[in-house]
Amino acid sequence: MTIKTRFAPSPTGYLHVGSLRTALYSYLFAKKHNGVFLIRIEDTDRERYVEGSVEALIHVLNKVGLTYDEGPVLQDGHLTEKGDYGPYTQSKRLEIYQQYAQQLLEQGSAYRCFCSKERLEKLRSDQQLAKLPTKYDRTCVGLDSKEIQTRLDKQEPFVIRLMIPEGETTFKDEIRGMITIQNSEIDDQVLLKTDGFPTYHLAVVIDDHLMGITHVIRAEEWISSAPKHVLLYKLFGFPLPSFAHLPLILNPDKSKLSKRQGDVAVEDYLKKGYLPEALINFVALLGFNPSGDREIYRMAELIDSFDLTRVNKSGAVFDLTKLNWMNKQYIRSIEPKRLMDLAAPFFDETLNFSLDQKERILEVEKERLTTLQDLSPQTHVYHTIPEFDKELLIWKKADQQDALHHLQQLEMTFRNADEHIFTDRALIEDLIKKYIEVNQYQNGNVLWPLRVALSGQAQSAGPFELVWVLGKKESMKRVQQAIEKILS
RNA sequence: GGCCUCAUCGUCUAACGGUUAGGACAGCAGGUUCUCAUCCUGUAAAUCGGGGUUCGAUUCCCCGUGGGGUCACCA
């Protein structure tokens, strides 16, 4: 049997990093076993629907490299879908749910409930006051068929509730083992709402079955409603899939990761210049470890080593400092072309750099970046040298005369150097190092004033790199300006 | 509060029932370097508590404690 997993978000806005990890694990598991991974949109709550979030979801999944075999896709800006088990959007499957709800009704496994929201709210608050468990009191179970018919005729709104049988429900969680709960603890769950839409519980069971899902991988918050789903599988006569409930991703205070305490949207991290590769790597290791001392895993390696039984049971704090470290690692080591693709949006377009310049700037600056967003302020130096005080040109172990001397000498050295030298970082370094060695100067005496003359900054890329990016003409110009600054 | 669930350095984690409890990030102290960023070396830092089982528990069992999740016509 082919393994089939799914990621089933509700279109309520952005993609949460917790959801990203859920999607990732489902993806990894499916790919590891040469299985199928699909996306399904769970939009059964019309009130929470956010326009455009399906499109946004597709974009993000594409960006981070989570490819899926079935589900909604964007074609020329239009939403369509691929796969043989559609529709993959629950609001387009209403009749299916209604049909199955009807079946349950006929089986006597479900019943119509005409209770008003007001009555239910009062019931709940009374129970809370009496410190009783809050459960529906089954008032409508006693309704005889004649009364039901007259209320139906009067078009009274109703819901369909699951009739929880007596006994206990047990299921195996692939990560935690056996979980048992007394059925008396379970409320008679609403399956079909007054508006004819199913609730999550009904829809998820039917769709997972109809779409052939073999492994239900989702977050831990679903664990307490899993018994309802197991009951439904049994009532429908569906074979039970495997369940795996993933530990939560936590705020630093150990509560469920939420807004307020930082960014939770994958889009936000991408916008800030975190690489998709780094995000995936980081989030993958939050709750999973292939065993070993490695930290860096690319997607293919994650697929290769993924194992549900090695997923942790306890929640993991989202540690931004470690993400930062990992992002730095990726910026340094990723293929230059890929880095340029990712970094392109972070260049200030008004500076009009050529592609060649951008490549050099990126090559030089990537050593010092934590996120790609950090690139933006650094690029300005290559366009216009910032204002700076001439004192800055003086190295801590030298004086103004010394700085002036070296700058004048370097200016001359540059002037006499062949043009082609300036196209090669190593040659530039040779040129300057030779000047230092021949005269037995200290590096700092020469390199500090040169670097400041070129960057105008106390902290910047190295002087060889700066010359390489700026080119002969601009480098000489900046050195000359520094000389004038000292003389003035 | 009921139910479910979890528990190794600050954080992410490793450890067939037998290890000086390992690694990574962050921290601290040095070193390399013209600056920042790197890089290198070193250092501190953990098995929640109590009972069992066992020759031997981080590991298995029980109880406690603590954390988290969930208790909607939201997912």
Restricting attention to segment A:274-323, which residues are in contact with a Ser or Thr (Cβ under 6 Å, 6 or more places away or on another chain) and near RNA strand B (Cβ under 7 Å from one of its atoms)?
-> none
Selection count where residues are among the hydroxyl-bearing types (Ser, Thr, Tyr) and within 23 Å of A:His201 (Cα to Cα), scope segment A:101-157 = 6
Surrounded by 15 or more Cβ atoms within 10 Å (Cβ to Cβ), over 26 Å from the mean Cα position of the chain (by Cα), at negative phi and at pLDDT 95 or above: does that describe A:Ile361?
-> yes
How about segment A:229-246: which of its residues are within 13 Å of RNA strand B (Cβ to nearest atom) and either touching a strand residue (DSSP E or B) at 6+ places or on another chain (Cβ under 7 Å) or without any contact (Cβ under 8 Å) to a residue 24 or more places away in the chain (or both)?
-> A:Val230, A:Phe243, A:Ala244, A:His245, A:Leu246
Out of (1) over 26 Å from A:Ala226 (Cβ atoms); (2) among the hydrophobic types (A, V, I, L, M, F, W, C); (3) part of a strand (DSSP E or B), what's the single condition that is false for A:Met178?
-> (1)
Checked segment A:365-377 for anything at pLDDT 95 or above and of a type in the set (A, V, I, L, M, F, W, C); matches are A:Leu369, A:Leu372
Please indicate, with yes or no, whether at least one residue in segment A:400-408 is assigned by TED's automatic domain parsing to the domain that holds A:Gln457 and free of Cβ contacts under 8 Å to residues at least 40 places away in the same chain.
-> yes
Among the listed residues A:Glu465, A:Glu484, which satisfies the condition of being surrounded by fewer than 18 Cβ atoms within 10 Å (Cβ to Cβ) and either of a type in the set (Asp, Glu) or within 42 Å of the chain's Cα centre (by Cα) (or both)?
-> A:Glu484
From A:Asn251, A:Asn327, grab the single residue that is within 16 Å of RNA strand B (Cβ to nearest atom), of a type outside the set (Ser, Thr, Tyr) and at pLDDT 95 or above.
-> A:Asn327
Residues in segment A:119-166 that are within 40 Å of the chain's Cα centre (by Cα) and exposed (fewer than 12 other Cβ atoms within 10 Å of the Cβ) total 4
Take segment A:211-234 and flag every residue that is within 22 Å of A:Leu28 (Cα to Cα) and either assigned by TED's automatic domain parsing to the domain that holds A:Gly35 or in a helix (DSSP H, G or I) (or both).
-> A:Glu220, A:Glu221, A:Trp222, A:Ile223
Out of (1) at negative phi; (2) more than 13 Å from RNA strand B (Cβ to nearest atom); (3) not hydrophobic (A, V, I, L, M, F, W, C), the odd one out for A:Gly18 is which?
-> (2)
Residues located in segment A:437-488, provided they are within 19 Å of A:Phe422 (Cα to Cα), within 14 Å of RNA strand B (Cβ to nearest atom) and charged (D, E, K, R) | A:Arg451, A:Glu465
Note on segment A:231-246: residues surrounded by fewer than 20 Cβ atoms within 10 Å (Cβ to Cβ) and touching a Leu at 6+ places or on another chain (Cβ under 9 Å) are A:Tyr233, A:Lys234, A:Leu235, A:Phe236, A:Phe238, A:Ser242
With (1) crowded, with 19+ Cβ neighbours inside 10 Å; (2) within 30 Å of A:Arg21 (Cα to Cα); (3) more than 13 Å from RNA strand B (Cβ to nearest atom); (4) in contact (Cβ under 8 Å) with a residue 40 or more places away in the chain as the list, and A:Arg40 as the residue in question, which single condition is left unmet?
-> (3)
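The values are calculated or read from the model by the stated rules, or taken from the named source; none is laboratory data. Note that this is a predicted model, so its numbers are computed, not measured. Cβ: placed from backbone, ideal geometry, glycine included. Neighbour counts: every protein chain shown.
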